[in-house]
1. Assuming R0 = 45 Å, what is the FRET efficiency of residue B:141 and residue B:349, from their Cβ-Cβ distance, to the nearest 0.05?
2. Fewest Cβ neighbours within 10 Å first, please rank B:527, B:22 accordingly.
3. Starting from the Cα coordinates of the range A:201-331, work out the convex hull volume and express it per residue in Å³.
4. Can you give the convex hull volume per residue for the Cα atoms of the range A:12-78, as a whole number of Å³?
5. For the range B:142-217, compute Rh as the Kirkwood radius over C-alpha pairs and then the Stokes-Einstein diffusion coefficient at 37 °C and 0.692 mPa s; write the answer in µm²/s, rounded to an integer.
6. If one takes the longest principal axis of the Cα atoms in chain A, at what angle in degrees, from 0 to 90 and to the nearest 10, does the Cα axis of helix A:96-106 lie?
7. Scale the Cα Rg of the range A:172-221 by the rule-of-thumb value 2.2 N^0.38 Å and send over the ratio, two decimals.
8. Percent of alpha carbon pairs in chain A separated by more than 33 Å?
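What follows is calculated from the coordinates using simple rules that are stated; it is not laboratory data. On a predicted model such as this, the values are computed, not experimentally measured, just so you know. Positions of Cβ are backbone-derived with ideal geometry, glycine not excepted, and every protein chain shown enters the neighbour counts.
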């Protein structure tokens, strides 16, 4: 397969549905060969954006460019893209072979050539010899592969994937996820992926765009968006987070000291939290997995220590989540991957949570 | 907005405007325009002080109500038995119970005359054996009997479907609360099924009032439909009273259809809840209960099949007069209708096929716009296309006559309304809702992403439609077309208004003409057999094509 991937640029993309704004003034550049993911909750505008890139939906304003060429008014059938739909959209009246061959027939590929290319595409997704089946005779995972083969057989310049794994069961999803990423690296095709699943986004992507209510909240590498979320929404959507309001007391080379509303002081790493000055109103962001439950009389050591009462334990075997009511009244969640230790604490017992200054992320409150 | 879609919508609106809105508008206009122009209700007011019209109104309503009542008595026990019990021959009962729908009521009427009429089999038997003087087919009674025997499956199907769809857990909850047996049926099941029954009964009432074939065949003219026909054909096309009667019929029909739709739209609480469990197989019956149930089924179905037997028997009879059964048999009746006067059958085929083709194309286009169209105001299309469902056939006929008598096509020296084309158009309009509903359902099965996928794969819109959408909806659309064909083939109401020359007349009118003479009754029955065969085959085909049962007769 010889693909000539493009880069994709959208500029000022805007789309309304009646009174609601689905995508608001979106601009970004997707590099050639990149695996780019739009991540966000349902209704955030990610699928709308994908459909505008595909040409299935016209933007109210803004433009879409492939390799700098304006394709905003080009219909989908002239854009040379492969797309996998959430429900696969396999044509039920055609065999697997006919489904995959469809785009080649439309491109007037010589009849003699079609058979070989279809077989090659089916082999690529591990379905060789299945061409004679009907979609209804395939399992969900196999249908997914056919959809993928149909998308890549035309040697598209761009591959669009709209929540392709959401209809599979958990085990198959993980397997297909791995195959998808291998296939994409192998073909080197520019790929745009839409999902609400943060794990998929982090695992598959070279870059992730987090969207919320039609707006782009943050764009960056998986590590960027997870480690340095730009705002509470991104922090909460990716991995979950506890938020505590506070005010910067002092900034030294050793760290930033923040006074919480309950009076306790939390120290944050200065290397990770730059540009703060005493008096700044901030939100302290703590990942649940960074919080360690310890007895109430434990010493702080080099870390931070907040005291409270254990309110709720949710034991999941490999994982335990706890809800702790801090002295100030705030509820925070802690999470431990190996819960044997945490099991010592009973609900209602006084307790402390310990965390390192490295795990404290300060978010500036909007003025 | 999509310019292609907008153009298509304009075209469809124009077609529907000419063939649906214009005729009904013309009827309303005549009925509501005063002598000096201007809107007036004086014509309508005169309707209510004319004794003949008031009697006709009363007769139509009384006949409709009795039809529903007798139909209910026949249908409900059968529906409960079939839905609640499991017994050998259950599916056969369901099939046989729907058979009366394949015999148009005016065809059945001919047979009923032969069996229950003044010199009918049963009448003679009663007289000879018990000295009784029966008069079952006299006046309204005959009409009610013919219609009830034809329409009861309608109520049967509605109620059975509703019963089968009742969420079992609702019943089980009732049982846990301490209700069982008759009390459970009365307090839980009946209330759940009642809306479906009422909706079905209302539609049956509408169809009964709309049916003017039966009164005509039985020679009873003091009803709304026949009166409208008589005014228009004897007094003239400009006679206001005919149009006023049409308006009254439309009002009755619209009120019932709207009420039925309203009830159906509110019904969902009973059946379509999330997590509703499929009904279990009914209770198995044994012993005397089984015998009782089978006896009940046999009696009801037997009654429903009397018209079929009568028509078949009559179609082969040479002489059947003042005797229990025909005294001589012949194939001459079929020779008459196929060889000596084949025009009735040929005309019927031509008109019905034409109407089906037109309706299918129109319906597919409308359904496509409604579901996929990006153009504002498309709901109007649905509204107009579904309107004929509430328009009695007489009214469609009268409206067509009014509008298209004044239009002469170039190259033909006669009014459009006097050519055979008018039948095709009238049948098409009358059955368009069936075709539209079928297309709608078929297209609904095709997820928009299938079309999107074709577009992304490189197929422009028309090719995507041809290669993906069309093959997928074809079965359902054709099934709708077959349904149009079948119902058009036995259309009587609009036909009798539009027939201007015997050479143009289709089968339904032929049956009427033959049945008016004692000697022609055999030929009428033979045409009736042809009608039954057409309807039976078509219904079977439509059900096969649409891949689902029952669809054919859910109005």
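1. Working: r = 35 Å, r/R0 = 0.78.
Between residue B:141 and residue B:349 the formula returns 0.80.
2. Numbers: B:527 34, B:22 16.
Arranged by neighbour count, lowest to highest, B:527, B:22 become B:22, B:527.
3. Details: hull volume 19.7 nm³, N = 131.
Cα-based convex hull of the range A:201-331, divided per residue, equals 150 Å³.
4. Details: hull volume 6.4 nm³, N = 67.
So the per-residue hull volume is 96 Å³.
5. Details: Rh = 14.1 Å.
Rounded, D is 232 µm²/s.
6. Taking the Cα atoms of chain A, the angle to A:96-106 is about 70 degrees.
7. Details: Rg = 11.8 Å, N = 50, 2.2 N^0.38 = 9.7 Å.
So the range A:172-221 has a normalised radius of gyration of 1.21.
8. Working: 29078 of 67161 pairs.
Tail of P(r) above 33 Å: 43 percent of Cα pairs.
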